[in-house]
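To start, the structure itself, in structure tokens.
The values are calculated or read from the model by the stated rules, or taken from the named source; none is laboratory data. Just so it is clear, the model here is predicted, and its values are computed rather than measured. Backbone-built Cβ (ideal geometry, glycine too); neighbour counts: all protein chains shown. The protein model used for the area step is the full one, side chains on, heavy atoms only, and it has no ligands, DNA or RNA in it. Shrake-Rupley method; radii C 1.70, N 1.55, O 1.52, S 1.80 Å.
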Amino acid sequence: APATDPTPTPTPDSTPSATVGGTSRPQSLPPGAHREAGGFAWATPEGWRRDVKTGAEVHYTSPDGTQELVGKSSLARGDLLETWQTSERNAHQGQDYRKIRLEETTFRGHPAVVWEYTFTLQGVHWHARLLGFNVDGKSYQINTWYDSGIEPEALRTYEKVKDSFTVL
């Protein structure tokens with residue numbers, strides 16, 4: 001597929017900001033990462049369909065529809081695990097919802113929660129992996145769900161995207 005735009009035009013917020021007392025420094029982004037309105041950058045797979053749900057929530061879907069990636073941010077509200085446990089109690093994610101794990105972890109030294117589950121939707125067995133973490137009063141999520149049949153490939157994609165995820 002031809003590159004969409006080989007020479008991206010610099011936006012005002014991509015110019016390095018002056019360092020004030022050593023507090024701010026120009027953010028160096030991982031190769032291929034692009035900025036999203038939600039205050040983060042990430043490198044998403046080439047050729048996937050981009051769908052902005054709200055300014056701070058962006059979905060990318062693989063060309064064959066077997067995997068979706070979601071990046072989002074919001075104001076942090078209360079304890080992350082408690083918030084997600086409430087969501088889980090209210091979740092009726094299609095049929096056959098089955099929790100694999102919902103537990104605290106860390107992501108690059110920040111408190112985080114990982115939620116993994118499976119569900120069936122229109123006869124397809126889906127696997128969901130959600131990661132949420134808080135930084136400076138904001139909550140970020142890097143989520144994916146994929147057709148269980150493509151797990152090795154889907155997880156490789158998800159790990160690459162997580163590795164590229166940068167809070168701005």
Identity of the residue in region 24-56, under 12 Å from the mean Cα position of the chain (by Cα) and aromatic (Phe, Trp, Tyr), that ends up farthest from residue 164 (Cα to Cα): 40
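So which residues in region 57-67 are within 10 Å of the chain's Cα centre (by Cα) and either closer than 14 Å to residue 128 by Cβ or surrounded by fewer than 19 Cβ atoms within 10 Å (Cβ to Cβ) (or both)?
Taking region 57-67 and keeping what is within 10 Å of the chain's Cα centre (by Cα), we get 57-60.
Within region 57-67, 57, 59 qualify.
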task: Would you be able to say whether some residue in region 147-165 is farther than 17 Å from residue 61 by Cα, open to solvent by less than 30 Å² (accessible area, probe 1.4 Å), part of a helix (DSSP H, G or I) and touching a residue at least 24 places away in the same chain (Cβ under 8 Å)?
output: yes
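What strands (runs of 3 or more DSSP E), lying completely within region 47-127, carry at least 1 residues that are among the small types (Gly, Ala, Ser)?
Qualifying strands (runs of 3 or more DSSP E): 67-75, 110-121.
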